[in-house]
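The structure under discussion appears below in the form of structure tokens.
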Amino acid sequence: MSERYRTGDRVRTSTVDPEHHTRLPHYARGKSGTVAGFDGVHPLADLRARGIVQPQQVYLVEFTARELFGQGDHKVTLSLWEEYLSDE
Amino acid sequence: MSDDHDDSPIAAQVREFEAVLEARGLVDASELDRALEAFTHRATPANGFRVVARAWVDAEFRARLLDDANSTLPEVGLSMGGGLQPQVLHVVENTADVHNVVVCTLCSCYPIALLGPSPTWYKSTAYRSKVVSHPREVLEQFGLTLPDDTEIRVWDANAESRYMVLPRRPSGTDDLTEAELAERVTRNGLIGTAAV
């Protein structure tokens with residue numbers, strides 16, 4: 001499986017608020033972050049919840065608190081499937 | 001919100017589902033009980049304490065643990081297996097400049113094999129919603145006041161990976177054995193809501 005992103009790449013998360021199950025938390029939608037590393041290849045949770053197994057690259061993506069919440073000086077890292085990400 | 005999940009609709013659904021599986025001979029109830037008991041008996045925070053103590057006394061073990069925890073745990077007789085699929089574990093290290101804290105904002109994902117069942121507050125909406133946006137305030141509520149220049153890193157176990165914090169070794173413990181060091185570690189220290 002070829003990965004679309006590499007460590008250090010800037011990415012933006014999806015703004016879509018789907019009706020189905022997803023593992024992209026609301027607070028991290030439509031936000032810019034930096035790829036901090038790979039986090040394995042796992043079935044996309046959104047599809048697996050509907051019985052479809054489609055493995056996809058997962059990335060560790062680091063966000064600043066300022067980007068996520070408009071304030072704060074900490075950092076937050078999430079595991080995000082490639083599906084959730086687009087080029088910054 | 002209630003923290004007693006036994007009366008929740010999902011618990012009722014699971015009981016119903018289990019009953020159907022048993023009635024059709026697909027699951028042996030006593031076998032299921034044995035497997036669950038074995039897993040929960042082995043899953044205690046003492047496992048995490050042992051990992052931390054080894055990392056404090058063995059720098060090479062520490063480096064391997066931070067680089068690839070899953071491959072390193074067998075060195076101390078542990079693994080992230082036991083569930084339906086082995087979970088990926090990331091160990092994140094506290095330093096003089098960085099403090100780590102773990103949350104699952106979407107539900108209550110937690111490395112049960114190493115830390116045992118999660119505390120009630122870990123599953124509470126209050127912790128899950130606030131630690132990600134205001135970690136410094138939440139840590140203060142836990143009695144942990146960090147210097148202003150300590151960088152806080154929050155790890156959201158929102159997908160397949162689980163996290164354990166490697167706390168800083170307390171000062172004045174140079175003479176302690178590995179077993180004595182393990183006794184100094186606390187569960188909250190492994191989640192990042194306390195120093196050790």
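FYI, it's all coordinate maths here, none of it is from the lab. Quantities reported herein were computed from a predicted structural model and do not represent experimental measurements. Please note: Cβ atoms are built from the backbone with ideal geometry, for glycine as well, and neighbour counts cover all protein chains shown.
Couple of notes before you dig in:
- Within the straight-line cut-off of under 16 Å between alpha carbons, the lysines reachable from residue A:75 are A:31, B:130, sequence neighbours fewer than 8 places apart in one chain being disregarded.
- Remark on chain B: B:107 stand apart, with no other cysteine beta carbon under 4.7 Å.
- Convex hull (Cα only) mean projected area of the stretch B:1-130, reported in nm² to one decimal: 10.0
- Remark: relative contact order (chain B) = 26 percent; criterion is Cα-Cα distance under 8 angstrom and separation of 6 or more residues.
- Calculated P(r) tail over 21 Å for the stretch B:1-72, as whole % of Cα pairs: 56
- Calculated [θ] (222 nm, deg cm²/dmol) that DSSP helices of n ≥ 4 give over chain A, each run adding -39,500 (n - 2.57): -1500 deg cm²/dmol
- Measuring between their Cα centroids, the stretch B:129-188 and the stretch A:4-31 lie 27 Å from each other.
- Cα gyration tensor shape for the stretch B:111-196, rounded if a/c is under 1.5, else prolate or oblate: oblate
- Only beta bridges with both residues in the protein assembly as shown are counted; by DSSP, about 55 percent of them are antiparallel.
- Over the stretch A:10-87, all Cα pairs binned in 10 Å intervals from 0 give whole-percent P(r) values of 19, 51, 26, 4, listed from short to long.
- Assigned charges on the beta-carbon of Lys, Arg, Asp, Glu; the stretch B:44-191 dipole about Cα centre (debye): 600
- Kirkwood analysis of the Cα pair distances in the protein assembly as shown returns a hydrodynamic radius of 20.3 Å.
- Remark on the stretch B:44-191: hydrodynamic radius 15.7 angstrom, per the Kirkwood mean of 1/r across alpha carbon pairs.
- Per-pair calculated FRET efficiency, R0 = 35 Å: residue B:129 and residue A:6 via Cβ, rounded to 0.05: 0.60
- Across peptide A:53-59, the mean count of Cβ atoms from other chains lying within 10 Å of each residue's own Cβ comes to 1.
- GNM result for chain B, Cα springs below 10 Å: residue of B:67, B:174, B:58 fluctuating most strongly: B:174
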